[in-house]
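Read the figures in this text as sums done on the coordinates, not as results from a lab. It should be emphasised that the depicted structure is a prediction, and the values quoted were computed from it without experimental measurement. All Cβ positions, even for glycine, are placed from backbone atoms using ideal geometry, and neighbour counts span all protein chains on display.
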Amino acid sequence: MTIRRILHYPDPRLRRQANPVLEITDSTRRLVDDMAETMYQAPGIGLAAIQIDEPWRIIIIDISQTRDQLQVFINPKILSREGEQELEEGCLSVPGIYEPVSRARQIRVRALNRDGQAFEIETEDLLATCIQHEIDHLDGKVFVDYLSRLKQTRIRKKLEKRGREQGAESPRSEYATGRESTAAVAGRTRLKI
Ligand code: NI
């Protein structure tokens with residue numbers, strides 16, 4: 001497994017429409033494994049393939065405190081949405097920025113798992129927000145798109161400046177490398193999806 005570089009907003013590659021996965025092969029599973037390694041190391045609770053420059057409709061999520069409940073959604077599709085909730089979101093592609101976003105509170109989703117089997121789940125609260133945030137990535141959307149123009153401009157400028165300072169090619173983590181302890185992850189409640 002390889003830790004891959006995460007693209008940062010406003011990288012135009014985050015704006016692409018991801019392609020459906022037509023066949024789940026060993027290389028698909030290798031990509032899922034790389035995504036998991038990258039997400040856990042970051043650390044974050046969700047990642048879309050497009051964020052590591054792989055324009056395929058694959059997302060992974062792990063909202064468990066123990067960091068061992070990986071959920072894989074290939075070609076995910078939201079079948080229904082109900083209610084509304086506002087949670088503060090962050091994103092591994094928008095480091096250091098956290099803003100409230102309003103989304104459906106409850107959703108029904110259909111997808112394929114890592115083995116290519118179809119499944120459907122109905123979910124709410126945090127997981128519902130995570131899935132909607134990640135599916136947005138597959139459609140070239142980032143959570144800052146929901147904010148005011150003024151905020152979007154401010155965030156873009158801030159991240160462009162930071163990108164220039166850090167140099168575009170080095171892999172970045174806001175924290176020390178290596179997998180964090182469960183307590184450290186649990187202690188930080190902000191959502192990096
Ligand atoms: Ni994100």
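Tabulated data
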| read-out | value |
| --- | --- |
| Max mean-square fluctuation residue, GNM over the chain, Cα-Cα springs under 10 Å, options 164, 57, 81 | 164 |
| Inter-label distance, nm, simple model (7 Å from Cα along the C-beta direction), residue 145/residue 66 | 3.6 |
| Selection from 111, 140, 59, by position along the positive dipole direction of the chain (Cβ) | 140 |
| Calculated FRET value between residue 3 and residue 158, using beta carbons and R₀ = 22 Å, to 0.05 | 0.30 |
| Point-charge dipole on Cβ atoms (K/R +1, D/E -1) for the chain, about Cα centre, debye to 20 | 820 |
| Calculated SAXS-style log₁₀ I(q)/I(0) at q = 0.09, 0.13, 0.18 Å⁻¹ - the stretch 12-192, Debye, Cα scatterers | -0.31, -0.67, -1.34 |
| Cα-projected label distance for residue 25 with residue 13, points at 7 Å along beta-carbon direction, nm | 2.1 |
| Ordering of 122-132, 38-48 by packing [mean C-beta count within 10 Å, highest first] | 38-48, 122-132 |
| Cβ crowding within 10 Å averaged over residues, with 108-116, 90-98 ranked highest first | 90-98, 108-116 |
| Cross-link partners of residue 77 among lysines (Cα-Cα below 30 Å; sequence separation of 8 or more within a chain) | 141, 151, 192 |
